[in-house]
Amino acid sequence: KITNALAKKFNTNLRFESVDIWSDNKGYHILPHIDDSSIKLALQIYLSNNSIGTSLYDLNKEKIHTFQFKINFGYALLNNKDSFHGANTVKEDGRLSLYARYN
């Protein structure tokens, strides 16, 4: 049901690939980047509360939006040449999330 809802929302065909539980602790950060081309769409659902959420960037790598890292919040991101995203340095342990990949 989730795959079908995402496919309809993004008007594309999707196939579920894999899912992980991520634990990002104090000091974790990731610079603005585009995911590997094998990922067509990523779905990240936050399983804890933390002050550092995932941010979206424009083509100049200027931050345009940051998602609140709160339990049951998250985002779906269609991977393309414009889908830069990353995260500032985590200041406290316990940033836990579910990360699903679709192709």
Please go through the stretch 72-103 and pick out each residue that is under 21 Å from Ser18 (Cα atoms) and loosely packed, with under 14 Cβ neighbours inside 10 Å.
-> Asn72, Asn80
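Does Leu47 qualify as being open to solvent by less than 90 Å² (accessible area, probe 1.4 Å) and in contact with a helix residue (DSSP H, G or I) (Cβ under 9 Å, 6 or more places away or on another chain)?
no
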Restricting attention to the stretch 45-87, and to residues there that are in contact with a Pro (Cβ under 8 Å, 6 or more places away or on another chain) and assigned to a loop (DSSP other than H, G, I, E, B), which single residue is farthest from Lys9 (Cα to Cα)?
-> Lys61
What are the residue pairs meeting all of these: first residue in the stretch 1-29, first residue free of Cβ contacts under 8 Å to residues at least 24 places away in the same chain, second residue open to solvent by 60 Å² or more (accessible area, probe 1.4 Å) and not basic (Lys, Arg), Cβ atoms under 8 Å, and 6 or more apart or on different chains?
-> Ala7/Asn13
So is Asp20 surrounded by 12 or more Cβ atoms within 10 Å (Cβ to Cβ) and of a type in the set (Asp, Glu) or not?
-> no
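The values are calculated or read from the model by the stated rules, or taken from the named source; none is laboratory data. Here the structure is a predicted model, which means the values were calculated and not measured. So basically every Cβ, Gly included, is an ideal-geometry build from the backbone, and we count neighbours across all protein chains shown. All accessible areas refer to the heavy atoms of the entire protein, side chains included, with ligands and DNA or RNA removed. Shrake-Rupley method; radii C 1.70, N 1.55, O 1.52, S 1.80 Å.
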